[in-house]
Amino acid sequence: MAHTPQSSAPITPRQMSMAPSPYITSAPHSQFHSPSMSRSPLLSTPDHPVPSKTPTAKTPSRTPNFISRNITPRFLTPLGSPLRKALHLTKLNPQDAWLPITESRNGNAYYAGFHTLCSGIGIQALVLPVAFTILGWAWGVILLSIAFVWQLYTLYLLVELHEDLDKGVRYSRYMQLAAATFGEKMSKLVALFPIGYLSMGTCVALVIIGGSTCKTFYQIVCGPTCTSKPLTPAEWYLVFTSVAVVLSQLPNLNSIAGVSLVGAITAVGYSTFIWTVSVSEGRIPGVGYNPVLTGSQIEKIFSILNAVGIIAFAFRGHNLILEIQATMPSDEKHPSRVPMWKGVRVSYTIIALCLFPLAIGGYWAYGQLIPTSNGGILTALYVFHGKDTARWLLGMISLFVIINALSSFQIYAMPMFDDLESTYTTRFKKPCPWWLRAILRAIFGYFCFFIAVAMPFVASFAGLIGGISLPVTLAYPCFMWLKIKKPKAYGFVWWLNWFLGIFGICLSALLVAASLYVVIDTGVEYSFFKPT
């Protein structure tokens, strides 16, 4: 996409002095300078200077391999030229090699596709038919299509914004890019809570969905004549969390590529099974398609906005895109955005082939009779076709949901692991030891378990979650493009990003207000410490 060159001064000098400095090292194929980790990575800003690598007593004893050489000969460039732009010398931050997101830079387009597909499709897709009960056929399909195209465009913006070749900077975390755009203080106000809420809130929801599905899977396998005493819902939550904590011991984002692949396959599998079985069984008796809009005009408007929030919730995951791209090698000749966008295109093509049939096929099969909470179309399948469908197929669908929830937990928890470990590395100037890493991840996992048991009704707030996370997905990337890329003023791209950014912020405020009103008006059973 065309844009004017970045006008701000680069972080590192553009001209090389006659005598190369021993404190500046060349960026290898896998590294551009990432913004300073002098603070938590969720709060860091690229404008903060990088600590000098002078050999003092405070220098970490375990220096990463990529800064082991002090001087790189100026004639060793891809073009055989002493031009600094070709070599892109940068001061590298050793903390990038100590944190889970940037510890490994060996990713590729396949890994990017696995992570993106696993994070982009999941349990949130199962409630899409619920939005259609409010919007109806026409507006349901139209708004779902608009949301898909809109979020795909902002996804492209984030992929392009990940690295700034003029500055030699890689924004390896969403908050780093937000700080570069809005400033450190403002980014804490507008982006920190939605990003943290998406990561931890999604993990809590996954514990609830995964634990509940474990209970359903046991009942299906055991059968109606089973006499063994089943576990309580809280105990099933604990079983799910314990398995998730064991998987979370994989060290970094690249190391869970296989887990994401399994999660992606199971997500596509259960999505396809659910809508295929629902459609093949035919429409249930008494199904209707008239939108359910009751009450005053304000109540109808808020119900429609809440349905839009459910659609927005289906497209969360943009807060992980920069982190996923950070696992890939990058240099000036082979920037990471090329394989990243290739992986994103393929994964979102598959996501579209799952989301649209789920929403349209589910609404066609169940219409207004689809349960509006507790699983959406998955619950409808169990309720209306539990006796007509083969038990092995229902068991496989439940097993796929559990495996996908375990896999999604890993990728959504990784930014939180990264933030926790950065506190240690910042304070002690050395990598986090394996035993402390294991403890921190276990604490996070069981804290999510505690919240899931204490507030099992969190899964009922899909519209609210969608409203809160909407700016991260649909609005902020537009403002980031305007600030960093500086497109031609009053041009098409300039107007497009201003419109989408402002409209996204306004829509988010309306969705949050509408979701809160609907929750208060319809009522939610606040069963604290009583999971079902």
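A few comments on the model shown:
- Computed from point charges on the beta carbon alone (+1 for Lys and Arg, -1 for Asp and Glu), the dipole magnitude for the stretch 150-192 about its Cα centre is near 220 Debye.
- Ignoring aspartates and glutamates fewer than eight residues from LYS483 along the same chain, the ones with Cα atoms less than 19 angstrom from its Cα are ASP47, GLU160, GLU163, ASP164, ASP166, GLU184.
- Packing order of peptides 473-484, 227-238, highest average first: 473-484, 227-238 (average count of other Cβ atoms within 10 Å over each peptide's residues).
- Of all accessible heavy-atom area on the stretch 280-430, the percent that carbon and sulfur account for (1.4 Å): 62 percent
- Gyration tensor over alpha-carbon atoms, the stretch 304-421, equivalent ellipsoid semi-axes in Å: 34, 17, 16
- Stokes-Einstein, applied to the Kirkwood radius of the stretch 274-341 over Cα pairs at a viscosity of 1.306 mPa s and 10 °C, places its translational diffusion at 93 µm² s⁻¹.
- Computed from the C-beta positions of CYS506 and SER280, the FRET efficiency with R₀ = 60 Å rounds to 0.90.
- Computed in the context of the full set of protein chains, the accessible area of the stretch 114-241 at 1.4 Å probe radius has 73% of its extent on carbon or sulfur.
- Percent of alpha-carbon pairs separated by more than 20 Å within the stretch 157-279: 66 percent
- Rg of the Cα atoms in the stretch 210-262, relative to 2.2 N^0.38 Å, amounts to 1.47.
- Alpha-carbon Debye profile of the stretch 364-497, log10 I(q)/I(0) at 0.10, 0.12, 0.17, 0.18 Å⁻¹: -0.65, -0.85, -1.10, -1.13
- Area accessible to solvent at LYS215, 1.4 Å probe radius, in Å²: 60 Å²
- Ranked by solvent-accessible area (1.4 Å probe, protein heavy atoms only, all chains present), the residues LYS300, LYS429 order from largest to smallest as LYS429, LYS300.
- Label-to-label distance, nm, for residues given as ALA390 and ASP166 (7 Å Cα→Cβ offset): 6.1 nm
- Residue pairs exceeding 32 angstrom between C-alpha atoms, taken from LYS185/LYS488; LYS215/LYS342; LYS167/LYS429; LYS188/LYS488: LYS215/LYS342.
- Solvent exposure, largest accessible area first (probe 1.4 Å, DNA, RNA and ligands not counted), of TRP435, TRP392: TRP392, TRP435
- Each of CYS226, CYS118 has its accessible area taken with a 1.4 Å probe; listed largest first, they run CYS226, CYS118.
- Percent of Cα pairs exceeding the 17 Å cut-off, where the set is the stretch 212-338: 80 percent
- Within straight-line reach of LYS300, meaning a Cα separation under 13 Å, sit the following aspartates and glutamates at least 8 residues removed in sequence or on another chain: ASP521.
- Cα→Cβ-extended label distance, 7 Å offset, between LYS430 and VAL346, nm: 4.2 nm
- Hydrodynamic radius by Kirkwood, which averages 1/r over all alpha carbon pairs of the stretch 392-461, in angstrom: 14.4 Å
- Full-stretch length increase - LEU152, VAL493 - with 0.36 nm per residue and alpha-carbon distance subtracted: 121.2 nm
- Rolled with a 1.4 Å probe across the full set of protein chains, the surface gives ILE439 an accessible area near 80 Å².
- Packing-based ranking of 248-254, 410-416 yields 410-416, 248-254, ordered from highest to lowest mean Cβ neighbour count within 10 Å.
- Additional length obtainable on full extension of the chain from ALA513 to ILE439, 0.36 nm per residue less Cα span: 22.8 nm
- Beyond 15 Å, the tail of the calculated P(r) for the stretch 315-355 holds 48 percent of the Cα pairs.
- Accessible surface area normalised per residue over the stretch 120-163 is 25 Å², counting heavy atoms of protein chains with a 1.4 Å rolling probe.
The values are calculated or read from the model by the stated rules, or taken from the named source; none is laboratory data. On a predicted model such as this, the values are computed, not experimentally measured, just so you know. Using ideal geometry, Cβ is built from the backbone for each residue, glycine included, and neighbour counts are taken over all protein chains shown. These accessible areas exclude ligands, DNA and RNA; they are computed on the full protein's heavy atoms, side chains included. Shrake-Rupley method; radii C 1.70, N 1.55, O 1.52, S 1.80 Å.
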